[in-house]
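Scroll down for the structure; my scribbles are underneath it.
The values are calculated or read from the model by the stated rules, or taken from the named source; none is laboratory data. On a predicted model such as this, the values are computed, not experimentally measured, just so you know. Using ideal geometry, Cβ is built from the backbone for each residue, glycine included, and neighbour counts are taken over all protein chains shown.
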Amino acid sequence: MLQWNLCTFIAEYIAARRQTKLEAFDKEAAKRDAADRAALAVERRELELRYDPQTWLTDAARRAGQISLVTHAAKFTHGDSKSSSLYSETTQTEGYLSSAALGDVEPDAVGNAAALDVAKLLQTRVEGDSLLSCLKRGERSPLAAFTDDAEQLNEWITGFSRALTPGEPASHKLAKQNYFPVGEGYHLLSPLFATSLVQAYHQKMLAFRFGDEVNAIRKARREKTWHPQPLVLFPDSAEMHFGGTKPQNISYLNSVRGGRVWLLSAQPPQWEFVFQPPVNIRSIFAIGGEFDLAARSTVRLMIAVIKRPGKDVTIRRDREQYVEELIDLLFMVSGKLQREEWQNWTLNCPTLAAHQQLWLDPWRTKTDEAFRQERDKDDWQKKVAEDFAVWLNVRLRKAFPDVGQVEKREWETRKHLHNQLRITEKMLREALK
């Protein structure tokens, strides 16, 4: 029954090609003079006879030598490349995505584009079988149905089988060539485009993007309704085209794909840092903590400014600028800790000083009344300013051993520091309402 279906396909395929040619002929014939009617009738009859199954199969078998069935094609590298292509049915389960991982390889056809109709005849599957598969396993019945002449049948089998016979391997100046070191010498490698692998990938992409089931999934997504199957998307994908307006000049399967090959994004993942509430933090000013590490370069610049010779007014101005930069950096780091989604995080940090808990966990006031009352007193702000001053003195003491109370008082009374505390508190209290 299966072989009969293949015979039916062959007959219908030839008939369809004849009908296409006859329609084109009739369209052109309508433009010619009626006096040529007799000649037109003869020409039309000759065209019909050319597509008699026996005649067409004989011609197709002759032309089959103009194409080669391959799995890896050379013309994708360059359309004018004359290098050899490759046919391989090797299968391996080595964990890599390659043509060897395909359980059922669909071969491509390269060669004379005018003979690609023969490739379609050989490769089209009918209920899982094809004329090509029959030839490979020595099955003659699909072609035997069209002739009683054993010699003619052998001629067809021999002719169509030429598409399976590779020529002598050869490279070409337009092929990709890489010298690969082996021992004391080199192997010349010529990478080929895995067109059969791309075809399998293309078919899966069609199903994922345009299949009937995926259309139902997309409709459910648009209408915000449930669907039992997930929607598979390919973000940042691209397309590559081979052959321009004549994809058939590259290969048969390239023509089937319209010259299109989808490219999946191979960009490395963009990692995003997931912020977590600190655990067992003792102070935001701890040596080696986030603020301390972020401030190191600014502190070094500040020390370099103070060490400049002389008592130039620019030294004081630059020093003041760096102190303000440190204060801005402090409030940038503290802002990361004052997250609404981290409400009550200080309950897990008993070692954190009470006044810093009041400063860094403002959303705790929503559930902890005693905490709210203590925070509203604002006494903690002076202690935060003092912590900043002590930290800065510690950082400066290595370069300036004599820093002490005078400098501490200078840092903790900075107008910019207290303005920042006041502004951020105002904003937080508005958000807490």
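General observations
To keep it simple, each residue is scored yes or no on (1) within 21 Å of E410 (Cα to Cα); (2) over 41 Å from the mean Cα position of the chain (by Cα).
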site: V256; (1), (2): no, no
site: W262; (1), (2): no, no
site: P268; (1), (2): no, no
site: S283; (1), (2): no, yes
site: G288; (1), (2): no, no
site: V313; (1), (2): yes, yes
site: D328; (1), (2): yes, no
site: M332; (1), (2): no, no
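- Among strands (runs of 3 or more DSSP E) entirely within segment 178-265, having at least 2 residues that are outside the structural domain of E89 (by TED's automatic domain parsing) and closer than 25 Å to H78 by Cβ singles out 238-241, 260-263.
- Applying the condition of being among the aliphatic types (A, V, I, L, M) and part of a helix (DSSP H, G or I) to segment 121-149 and asking which residue is farthest from D104 (Cα to Cα) yields A144.
- Considering only residues in segment 173-217 that are among the β-branched types (V, I, T) and more than 19 Å from L69 (Cα to Cα), the one that is farthest from the chain's Cα centre (by Cα) turns out to be V182.
Residue-by-condition table, conditions (1) under 43 Å from the mean Cα position of the chain (by Cα); (2) of a type in the set (F, W, Y):
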{"site": "L6", "(1), (2)": "yes, no"}
{"site": "F9", "(1), (2)": "yes, yes"}
{"site": "E28", "(1), (2)": "no, no"}
{"site": "R32", "(1), (2)": "no, no"}
{"site": "L40", "(1), (2)": "no, no"}
{"site": "R63", "(1), (2)": "yes, no"}
{"site": "Q66", "(1), (2)": "yes, no"}
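- Of the residues in segment 402-420, at least one is among the aliphatic types (A, V, I, L, M), farther than 15 Å from L358 by Cβ and at pLDDT below 90.
- Of the helices (runs of 4 or more DSSP H) lying entirely inside segment 327-411, those containing at least 2 residues that are surrounded by 13 or more Cβ atoms within 10 Å (Cβ to Cβ) and among the aliphatic types (A, V, I, L, M) span 354-360, 380-397.
- Any hit, segment 65-75, residues being at pLDDT below 90, among the hydroxyl-bearing types (S, T, Y) and either part of a loop (DSSP other than H, G, I, E, B) or surrounded by fewer than 18 Cβ atoms within 10 Å (Cβ to Cβ) (or both): yes
- Close contacts from segment 42-63, counting a first residue that is outside the structural domain of S161 (by TED's automatic domain parsing) and assigned to a helix (DSSP H, G or I) and a second that is modelled with pLDDT of 90 or more and hydrophobic (A, V, I, L, M, F, W, C), with Cβ to Cβ under 6 Å and a gap of 6+ residues or different chains, come to none at all.
- The sole residue among Q381, Q356 that is of a type outside the set (D, E), out of contact with any Leu (no Cβ under 9 Å at 6 or more places or on another chain) and modelled with pLDDT of 90 or more is Q356.
- Residue in segment 131-159 that is surrounded by the fewest Cβ atoms within 10 Å (Cβ to Cβ), counting only those that are touching a residue at least 40 places away in the same chain (Cβ under 8 Å) and under 18 Å from E89 (Cβ atoms): E139
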